[in-house]
Amino acid sequence: MSGCHADCLERPLSQGFRTLGKLIAKKPWYFVITPLILSVGLGIGLCFLEQRQINKLEELFTPEGGIAKSQRDFIRMNFPTNDSGQFSPQRLYTPGTFASLIIVSKSDNILITSVFKELQKLDMAVKNLTSKSGANFNQLCAQVNGSTCVSANPILNLMQNDTKDVLLTYPKLQNGAFVGLYIGGVTLDPDNVLSKAKALRFLYYLRGDNGTVHHTSIEWLHHFMNSVSHLIDELQLRYVKVYHSTSISLQTEFEGSTEKVISLFSITYVVTILFSIVSCASLDNMRNKIWLTTLGVISPGLAMMASFGLLLLCKVPFARTVANAPFLILGVGVDNMFIIISCWKQTKLASTIEERMADTYQEAAVSITITTLTDVLAFYIGIMTHFPSVQSFCIYTGTALVFCYIYCITFFGAILALNGIHEKNNRHWLVCMKVSDKRDNKRSWLYNACCVGGVLDSSQEKETEHPITIFFYKYYGPFLTKPWAKVLVLILYLLYLSASIYGCIQIKDGIDIRDLAKANSSLTHFYDTEALYFSEYGPRVMVVVTSEADYWEIKTQEVIETCMQNLEKSCYIAKEYSTSWMRAYVEMSKKENLNISTKENFLKNLDKMFEFFSDFRQDIRIEGNAIKASRFFIQAVNVINIDNAKDMLIHLRDTTNNCSFNIIVYHPLFIYLDQYIVIIQNTIQNIIVATVVMLVISVLFIPDPLCALWVTFDIASIIAGVTGFMTFWKVNLDSISMINLVICIGFSVDFSAHIVYACVSNRKRNVNERMIDALHVLGYPIVQGALSTILGIAALSAAESYIFRTFFKIMLLVLVFGALHGLLFIPVFLIAVGDCRKQCSDDLHNEKHGDKDAKDFPPALIYRAHPLTFESQVRKAEFSLPGYTSTVPAVQDCKNLSKESYCTNWQGNIYSVLHSQDRPIEKKHAKRMLEYREKMLQVYLEHKND
């Protein structure tokens with residue numbers, strides 16, 4: 001048959017779900033018990049949750065295979081650290097193991113005697129802290145010069161009781177020690193001598209190069225974190241304010257914040273159940289769906305138990321970001337529940353439970369399948385990203401959505417069938433006793449209100465519609481068809497699109513790892529104070545020559561020196577504070593008149609340099625008679641924020657790429673900065689691939705290619721809006737927001753696919769009527785789904801963690817913009833453009849009879865149909881034919897009927913509708929049926945000729 005409908009999948013899928021609906025109605029308990037057993041069995045996997053967790057911030061929020069990670073591996077192999085005698089903070093390839101204090105003077109100067117007495121008292125108290133294992137700082141401290149603990153602040157070694165006798169230069173002391181990272185808020189005189197300083201930083205480094213010692217050091221840090229606040233209070237410091245942190249504080253806060261989400265999810269579950277009950281509640285004691293909606297909310301919970309347990313049994317890593325998934329899965333599950341309940345309410349009460357379930361599944365299951373398939377594919381596409389936190393989230397959420405879908409059409413469908421049987425038997429929703437369906441005027445109003453059920457709409461023979469459903473049908477739908485309303489919506493959309501595009505241009509990328517601290521926590525205050533007083537000088541960056549070189553040759557020295565000078569030309573590098581063993585060696589050789597121009601002399605005289613600069617021994621890797629690798633240090637400046645750090649990294653790497661030797665730049669911070677290199681690329685890749693997949697799915701399942709393009713347009717529009725408005729809400733494009741943009745793709749399809757599918761499937765010629773029908777059936781379920789999900793994530797707005805706050809912000813944008821598109825923009829665009837599909841050129845009888853007028857066709861015409869035929873146009877047929885059933889009422893327009901329907905002109909322009917029964921017809925009746933139809937055709941033709 002020629003036509004424009006791409007329903008090769010939609011039609012058999014619809015019929016398949018119709019059969020499934022009947023099967024569930026016949027044996028509902030099988031579909032209740034089986035999912036329960038499956039959830040309990042697979043739920044055993046939850047016992048392995050702790051073993052499968054990946055908690056380290058680096059593992060979660062840095063890209064796999066990052067450049068800095070491979071560079072760190074090289075440095076670890078070639079320049080191992082020694083915390084027990086040769087400790088050097090700038091030579092660490094990790095952040096180190098330390099406790100940190102920032103002390104801010106309450107006056108304008110911390111460099112006075114009265115303040116220093118308090119500082120010494122504070123320093124002594126910290127060093128005397130003893131962990132549960134009995135270890136104190138002096139036993140665990142990182143050591144220099146053999147066995148001396150490294151100083152918490154170089155100035156402490158210089159300052160005595162009277163600060164007036166000490167001349168402090170900045171940022172280098174007279175002994176050459178760099179103190180730019182230890183003194184903040186400085187005021188200098190013309191000779192760079194410190195006259196005032198507002199803050200000091202104390203760093204208590206612990207040994208971490210040995211497994212046993214490292215474990216004890218971590219234990220001491222935990223004791224420090226738990227007791228330092230109380231210690232500061234006991235000291236009663238009058239002149240300073242102290243802020244504290246450790247190398248594990250951020251990790252500890254991150255882990256603690258996700259654990260608190262469990263209580264928030266409990267609140268969410270209760271709120272969602274209450275909302276579902278209220279939104280589906282009825283005053284009808286028989287058709288009040290309180291238990292149905294309650295079990296409908298439990299269904300996603302069972303799905304999560306089964307899916308998470310299965311993945312944990314399969315040893316799939318569980319990232320902390322997966323803690324967001326339950327909020328999302330609950331919202332999707334409840335959304336599907338509302339769609340199914342809405343379609344159930346559109347079925348005829350006079351029909352059998354099997355027929356009602358069949359009609360419900362035929363209408364709802366295809367739409368739910370489309371949205372679930374797009375959601376799941378969007379998440380599985382997100383696995384392509386380089387971020388483990390995103391990968392884990394997408395695997396768990398995508399799989400959970402598959403289970404949620406299966407449980408929805410099996411477990412919840414079975415509950416719906418049982419509820420239908422309950423209603424069919426006219427039983428009270430609470431006490432399960434049979435009640436009367438007629439009011440007894442002799443009884444009190446309280447009896448009629450509490451003990452009478454089965455309220456019917458006598459004209460339509462279906463359940464009384466919800467007031468909001470009526471609002472969409474009588475008021476909102478017709479409102480959107482008005483010309484001035486279309487213009488108003490178009491202007492509103494242009495404003496939305498303009499703001500979105502502007503926001504997309506201004507979006508910032510990358511996550512500042514410090515944002516993972518809890519809001520208003522002591523760690524957050526520490527970071528704020530650090531940014532205020534210690535942002536002038538950034539990290540000490542390693543410059544590493546990774547290949548073997550002939551350092552004794554002048555040409556080699558010139559090439560390396562040129563590369564160093566090019567690095568020092570950066571606006572982010574202070575060249576006067578660079579450290580180069582080669583420069584020191586060449587200068588010493590000139591002063592000492594040493595010959596270093598040959599390989600033998602160069603290597604032999606290195607020992608003389610080490611006598612003066614012992615730390616340089618750690619910067620040269622000598623293997624045999626060759627220098628396999630070496631490193632230098634440059635000082636970063638003006639790294640005020642994360643954008644400066646990103647620009648600095650890119651500039652330094654570009655510079656080293658142009659050097660003649662294999663040279664790298666490295667600092668532990670660069671491992672987190674690597675995300676900026678891939679985050680935008682990954683996000684765009686995921687969005688493009690997911691959008692193309694969504695387009696393909698829409699074309700396959702929505703019976704009109706043009707409308708599939710509308711779904712794709714909806715995805716692009718919502719993503720643009722969410723990304724743009726992220727800027728206005730100060731949300732960066734990072735691995736956390738990338739997760740939400742993946743969600744955005746799936747939810748965009750959810751909101752638009754329901755409306756577009758309903759519009760396309762409706763066979764009315766007038767596009768306004770089709771859209772009104774679509775909004776009539778789906779408007780309220782979309783509102784319910786959006787509100788239920790918003791309520792589901794509302795508890796996250798109170799979360800202290802950056803992850804959950806970001807999730808709430810972006811999900812709120814997704815839901816608001818998705819509902820706005822599904823209920824306002826897309827309907828108006830479909831109406832404005834005209835038919836969202838072309839009418840098929842011929843139906844089955846047009847092919848047989850050419851271009852005859854429809855009124856000349858015999859009664860046994862076959863027309864395509866959709867369940868959304870206007871109820872106002874129907875009336876009950878009073879007859880039936882063998883092999884057909886007249887349970888479907890009569891209609892005024894035969895063109896709105898299904899392929900299996902026969903339309904007979906019986907009373908004027910009222911057509912009686914006969915549907916083919918599903919049961920097979922026995923052979924002995926086939927001849928009788930054929931004779932009967934031929935006779936009916938003859939009667940019709942005779943009547944027409946008269």
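Within segment 282-294, residues that are more than 13 Å from K345 (Cα to Cα) sit with their Cβ atoms under 7 Å from residues that are outside any helix (DSSP H, G or I) and modelled with pLDDT of 70 or more, at 6+ positions apart or across chains, in these pairs: M286/N426; M286/R427.
Looking at segment 588-609, can you tell me whether even one residue there is closer than 24 Å to G180 by Cα and either assigned to a loop (DSSP other than H, G, I, E, B) or open to solvent by less than 60 Å² (accessible area, probe 1.4 Å) (or both)? No, because not a single residue in segment 588-609 is closer than 24 Å to G180 by Cα and either assigned to a loop (DSSP other than H, G, I, E, B) or open to solvent by less than 60 Å² (accessible area, probe 1.4 Å) (or both).
Taken over segment 196-250, the criterion of being open to solvent by 20 Å² or more (accessible area, probe 1.4 Å), of a type in the set (S, T, N, Q) and within 30 Å of T169 (Cα to Cα) is satisfied by S247 alone. Screening the candidates I755, I739, I793 for the property of being part of a helix (DSSP H, G or I), at pLDDT below 75 and in contact with a helix residue (DSSP H, G or I) (Cβ under 7 Å, 6 or more places away or on another chain) yields one hit, I739.
Just one of the listed residues (V586, V545, V541) is among the hydrophobic types (A, V, I, L, M, F, W, C) and over 48 Å from the mean Cα position of the chain (by Cα), and it is V586. Candidates in segment 5-48 are the residues that are at pLDDT below 90 and either outside any helix (DSSP H, G or I) or farther than 30 Å from T352 by Cα (or both); of these, the one that is most open to solvent (accessible area, probe 1.4 Å) is C8.
Sub-8 Å Cβ pairs linking a first residue in segment 412-433 that is under 20 Å from A350 (Cβ atoms) and among the basic types (K, R) to a second residue that is at pLDDT below 90 and open to solvent by 20 Å² or more (accessible area, probe 1.4 Å), at least 6 apart or interchain, are R427/M433; R427/K434; R427/V435, ordered by first then second residue. The single condition from (1) under 29 Å from the mean Cα position of the chain (by Cα); (2) more than 30 Å from I110 (Cα to Cα); (3) part of a loop (DSSP other than H, G, I, E, B) that A519 fails is (2). Please determine whether any residue of segment 753-762 is among the polar types (S, T, N, Q), surrounded by fewer than 24 Cβ atoms within 10 Å (Cβ to Cβ) and closer than 15 Å to I831 by Cβ. So far as segment 753-762 goes, no, none of its residues is among the polar types (S, T, N, Q), surrounded by fewer than 24 Cβ atoms within 10 Å (Cβ to Cβ) and closer than 15 Å to I831 by Cβ.
For the structure I just gave you, tell me whether V278 is open to solvent by 40 Å² or more (accessible area, probe 1.4 Å), under 18 Å from P781 (Cβ atoms) and either touching a Cys at 6+ places or on another chain (Cβ under 7 Å) or not aromatic (F, W, Y) (or both). Yes: the conditions hold for V278. Looking only at segment 636-659, decide whether some residue is buried (at least 21 other Cβ atoms within 10 Å of the Cβ) and part of a loop (DSSP other than H, G, I, E, B). Checked against the condition, which is being buried (at least 21 other Cβ atoms within 10 Å of the Cβ) and part of a loop (DSSP other than H, G, I, E, B), segment 636-659 yields no hits at all.
In segment 514-541, the residues that are closer than 14 Å to V637 by Cα reach residues that are among the basic types (K, R) and part of a strand (DSSP E or B) with C-beta atoms within less than 7 angstrom, at least six apart or across chains, in these pairs: Y533/K198; F534/R201. Please go through segment 296-317 and give me each residue that is closer than 12 Å to L46 by Cα and either open to solvent by less than 10 Å² (accessible area, probe 1.4 Å) or not hydrophobic (A, V, I, L, M, F, W, C) (or both), ordered by number. Once the filter is applied, which keeps residues that are closer than 12 Å to L46 by Cα and either open to solvent by less than 10 Å² (accessible area, probe 1.4 Å) or not hydrophobic (A, V, I, L, M, F, W, C) (or both), segment 296-317 yields A306, S307, G309, L312, K315. Scanning segment 53-105 for residues that are open to solvent by 50 Å² or more (accessible area, probe 1.4 Å) and part of a loop (DSSP other than H, G, I, E, B) yields K56, E64, G65, P80, N82, T94, P95.
Looking at this structure, is A135 touching a residue at least 40 places away in the same chain (Cβ under 8 Å), open to solvent by less than 40 Å² (accessible area, probe 1.4 Å), more than 30 Å from E611 (Cα to Cα) and touching a strand residue (DSSP E or B) at 6+ places or on another chain (Cβ under 7 Å)? No. Go through segment 763-815 and give me each residue that's open to solvent by 10 Å² or more (accessible area, probe 1.4 Å) and hydroxyl-bearing (S, T, Y). Listed by number, the residues that qualify are Y780, S797, Y802. Of all residues in segment 664-678, none satisfies being over 30 Å from R91 (Cα atoms) and either modelled with pLDDT under 80 or not basic (K, R) (or both). Regarding N566, is this residue part of a loop (DSSP other than H, G, I, E, B) and either more than 27 Å from I680 (Cβ to Cβ) or open to solvent by 30 Å² or more (accessible area, probe 1.4 Å) (or both)? Considered against the rule, which asks whether it is part of a loop (DSSP other than H, G, I, E, B) and either more than 27 Å from I680 (Cβ to Cβ) or open to solvent by 30 Å² or more (accessible area, probe 1.4 Å) (or both), N566 comes out as no.
If you check G184, G208 for being within 19 Å of T529 (Cβ to Cβ) and touching a residue at least 40 places away in the same chain (Cβ under 8 Å), only one passes: G184. Among the candidates T360, T347, the residue that is in contact with a Pro (Cβ under 9 Å, 6 or more places away or on another chain), open to solvent by less than 20 Å² (accessible area, probe 1.4 Å) and touching a residue at least 40 places away in the same chain (Cβ under 8 Å) is uniquely T347. Tell me which residues, restricted to segment 702-730, are under 30 Å from I677 (Cα atoms) and either touching a strand residue (DSSP E or B) at 6+ places or on another chain (Cβ under 6 Å) or open to solvent by 10 Å² or more (accessible area, probe 1.4 Å) (or both). Within segment 702-730, T712, F713, A716, I719, A720, T723, F725, T727, F728, W729, K730 meet the criteria.
Kindly establish whether I736 is without any contact (Cβ under 8 Å) to a residue 12 or more places away in the chain, under 30 Å from I67 (Cα atoms) and either among the aliphatic types (A, V, I, L, M) or crowded, with 24+ Cβ neighbours inside 10 Å (or both). In short, no. Whether any residue in segment 231-248 is assigned to a helix (DSSP H, G or I) and within 36 Å of the chain's Cα centre (by Cα) is what I want to check. No, segment 231-248 has no match at all. If you go through segment 541-551 and pick out every residue that is in contact with a helix residue (DSSP H, G or I) (Cβ under 9 Å, 6 or more places away or on another chain) and open to solvent by 30 Å² or more (accessible area, probe 1.4 Å), you end up with 2.
Using the structure shown, decide if S2 is modelled with pLDDT under 90 and either open to solvent by 70 Å² or more (accessible area, probe 1.4 Å) or of a type outside the set (A, V, I, L, M) (or both). It is true that S2 is modelled with pLDDT under 90 and either open to solvent by 70 Å² or more (accessible area, probe 1.4 Å) or of a type outside the set (A, V, I, L, M) (or both). Taken as a whole, the condition of being of a type in the set (G, A, S) and open to solvent by 30 Å² or more (accessible area, probe 1.4 Å) does not apply to G180. Scanning segment 295-331 for residues that are in contact with a helix residue (DSSP H, G or I) (Cβ under 6 Å, 6 or more places away or on another chain), among the β-branched types (V, I, T) and closer than 30 Å to T469 by Cα turns up V297, I329. In the condition set (1) buried (at least 20 other Cβ atoms within 10 Å of the Cβ); (2) in contact with a Lys or Arg (Cβ under 8 Å, 6 or more places away or on another chain); (3) among the basic types (K, R), K289 is compliant with all but (2).
The values are calculated or read from the model by the stated rules, or taken from the named source; none is laboratory data. Please read these numbers as outputs of a predicted model, since none were measured by experiment. No Cβ is skipped: glycine too gets one built from the backbone with ideal geometry, and neighbour counts run over all protein chains shown. Calculation scope for accessible area: heavy atoms of the full protein, side chains included, ligands and nucleic acids excluded. Shrake-Rupley method; radii C 1.70, N 1.55, O 1.52, S 1.80 Å.
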